[in-house]
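Asks: Questions regarding the structure given below will be posed in turn.
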Amino acid sequence: MRRQILQWQLCCLVLAALACGCQSERRTVLTAKGTQYEGSLDGATVNSISGWAWKISAPNEAVEVEIYDGNSLIGTAKADRLREDLTKARKGNGRHAFDFATPASLKDGTSHSISARVAGTDFQLREQPISVTQSKP
C-alpha cells in the first residue's frame, strides 16, 4: 500500500512538471521516506566546485552535499548560499547554492571525475560527472 502511495505521489510530480513545461529542467527523486530532492552540479574549475541542491519538502532548510572524485569522498559543502536564479525559480528561499574550494589534491595534472549527491541519500545531482584536469601548482 505504501509503495502504491509513493508511486502515486511520483506520478503526480511528473504530471505537474509536464504541465508547467519544466520536464527537461527538473530531476526529482522520491526516497523511501517520501523526501524529495532536486539539484545540479553546475561546474568544477581550478578554484571551486559549485552547484545547488534542496529538499523540496523543507524549502527553507539547507542540505549538505557530498563531493566525490570518482568513488572517493573529497569533502562536503552546505548548500546555503543565496542565488537569485533559484529565488526566481521558486526554489524555497533561494538559499540552496554551494561553492566548494577545489582541493589541492585535484591539482595534480591528471583527469578527475567530479560528482555530487545530497549527503546521507543516494540522490545524485544532475549534470554530472564533470571531468576536470587541472595543472600542478
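What follows is calculated from the coordinates using simple rules that are stated; it is not laboratory data. Note that the structure is a prediction, hence the values are computed from the model and not measured. Here the Cβ is made from the backbone with ideal geometry for all residues, glycine too, and neighbour counts use every protein chain on show.
Asks: Rounded to whole Å and sorted largest first, list the principal axis extents of the Cα atoms in the range 27-133.
Replies: 41, 31, 18
Asks: Given 0.36 nm per residue, what is the gain on full extension from S113 to V46 after removing their alpha carbon distance, in nm? Mind dumping the intermediate values first?
Replies: Working: separation 67, 0.36 × 67 = 24.12 nm, distance 1.37 nm.
Net length gain for the segment: 22.8 nm.
Asks: Same structure, new question: Calculate how many DSSP beta bridges within the range 27-133 are antiparallel, expressed in % of all such bridges and rounded to the nearest 5.
Replies: Taking every DSSP beta bridge within the range 27-133, about 95 percent pair in antiparallel fashion.
Asks: Relative contact order of the range 27-133, please, whole-number percent, based on alpha carbon pairs below 8 angstrom and at least 6 residues apart.
Replies: 28
Asks: Test of understanding: extend the Cα→C-beta vector of N71 to 7 Å, then name every residue of the range 92-117 with backbone N under 18 Å from that spot.
Replies: Within reach of a label on N71: 112-117.
Asks: Counting only residues 5 or more places away or on other chains, whose amide H sits under 5 Å from the amide H of G43 once H atoms are built in the peptide plane?
Replies: S50
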